[in-house]
């Protein structure tokens, strides 16, 4: 397969740091802050956190390395990578699942990110510095159920995402993440430190770090942990294969993979430290759900000193995190269409970004005008989240693990990974061959009620 568009050389990262920050940007998003917090709250706090850590170590990092290795070796998009390394073989299904996942996730992700942009703008103008007359809960419900307002903000957010991807890998994606990632880290640490000064710090930390052992008997907690690991690390959707394909052969992969996984997990934990002390300080139920960031926290900000500034910083944090991940999702699809149809980056980005925006409209309307429509007994948005996080991403990750573990020559895979013929290299292959696939299959079967 031809990996180039015409005679143009394939784009590459400007530096190793740029690649790591971009991969972190793909991983660190709303999944670490908005989604991690409410999923942790719904699944028992510390028990979920332990299972999440185990999923990251035993499954996340090995598959993360597999994606980087596939991408750098093939120097192509997610579909082209499988076609290059295993021509005329069914492994390419993993590539198409990655592209489909990018469409599905970004369609509903753009809706939620549009909410964060709306809230950030209203904090910037001072509108939300004090509670609306109807209260934050009714304010949020009125907004998300409106037939046009959420779609307008989804459109604006997707416009920002399209603009970054349109500029290119080095000047768009890399430069954006070099700015956003340090700002995200500083804001998150500052807000977490502030939260620890509130009265609920002890209860919040106990909830996050002192496990209820009975929760380990609940199979749904394991499914939630696996789904969060895949969503948080951007596994199985082809983003890391695509980003790895822009790496030169001189760059070493293991250090980059460990850095991305550990920093991504650290971001999630600090987000928990930021949110749960505040939740307990004000007597809020930790399993409140997806509205935690949009209802509970603004109510808290309204009752503390300089709460408007805290809210402004928090929602800027969410917007920046959402943008960094959305960019990686759009790049997965754009890279495929550039190679497959010889489209220019400009044309591919605008067309694919526009299609994904249109696909996201049902998720937005599903909370209002189309709320009577349910899939899997869930709203359209929640069903898209479930479909992507608990079905598409694990299946995509399973195919990636099986391909590197069984479908690729073992010695070549270890060589291309930079592990070489070492104990770590053999352990990596063993995990991809046995541990990761078995864990994914068991939890997946449990999710669909067959185990």
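Below 8 Å between Cα atoms, with a sequence gap of 6+, how large is the relative contact order for the chain in percent? Can you show the working numbers first?
On the way: 753 pairs, mean separation 154.6, N = 451.
Over the chain, the number comes to 34 percent.
Sort 343, 406 by Cβ crowding within 10 Å, fewest neighbours at the top. Can you show the working numbers first?
On the way: 343 17, 406 13.
The fewest-first ordering by Cβ neighbours comes to 406, 343.
What value, in deg cm²/dmol to 500, does the helix sum -39500 (n - 2.57) over DSSP H runs of n ≥ 4 give at 222 nm once divided by the residues of the chain?
Details: 21 runs with 301 residues, N = 451.
Dividing the helical sum by the residues of the chain leaves -21500 deg cm²/dmol.
Ranked from highest to lowest mean number of other Cβ atoms within 10 Å per residue, what is the order of the peptides 12-22, 206-216? Mind dumping the intermediate values first?
On the way: 12-22: 19.7, 206-216: 15.1.
Descending packing order for the listed peptides: 12-22, 206-216.
Output the peptides 300-310, 88-98 sorted from most to least packed, where packing is the average of other Cβ atoms within 10 Å over each peptide's residues.
Values: 300-310: 16.5, 88-98: 19.1.
For the peptides 300-310, 88-98, the packing ranking is 88-98, 300-310.
Students often get this wrong, so try it: which of (1) 37, 33, 19; (2) 41, 28, 18; (3) 34, 25, 20 is semi-axes √(5λ) of the Cα gyration tensor in Å as calculated from the structure shown?
(3)
Please order 374, 125, 69 by the number of other Cβ within 10 Å, starting at the fewest.
Result, fewest neighbours first: 125, 374, 69.
Just report the Cα centroid separation between region 208-263 and region 59-116, whole Å.
14 Å
Would you mind computing, in nm to one decimal, how far apart the modelled labels at residue 183 and residue 435 are, each placed 7 Å from Cα along Cα→Cβ?
A separation of 3.9 nm, rounded to one decimal place.
Sort 142, 116, 197, 296 so the one with the fewest other Cβ atoms within 10 Å of its own Cβ comes first.
197, 142, 296, 116
When the Cα centres of region 395-409 and region 308-384 are compared, how far apart do they sit, in Å?
27 Å
Determine, from the Cβ-Cβ distance of residue 375 and residue 285 and an R0 of 22 Å, the FRET efficiency 1/(1 + (r/R0)^6), rounded to the nearest 0.05. The partial results should precede the final answer.
Values: r = 27 Å, r/R0 = 1.21.
It comes to 0.25.
Of the listed peptides 73-80, 108-115, what is their order by residue-averaged count of other C-beta atoms within 10 Å, with the highest listed first? Write out the running numbers ahead of the final one.
Values: 73-80: 25.4, 108-115: 27.8.
In decreasing order of mean packing, 73-80, 108-115 become 108-115, 73-80.
Each value in this text was obtained by applying a stated rule to the coordinates, not by laboratory testing. Remember, it's a predicted structure, so these values are computed and weren't measured experimentally. Every residue, glycine among them, receives a Cβ derived from its backbone with ideal geometry; neighbour counts consider all protein chains shown.
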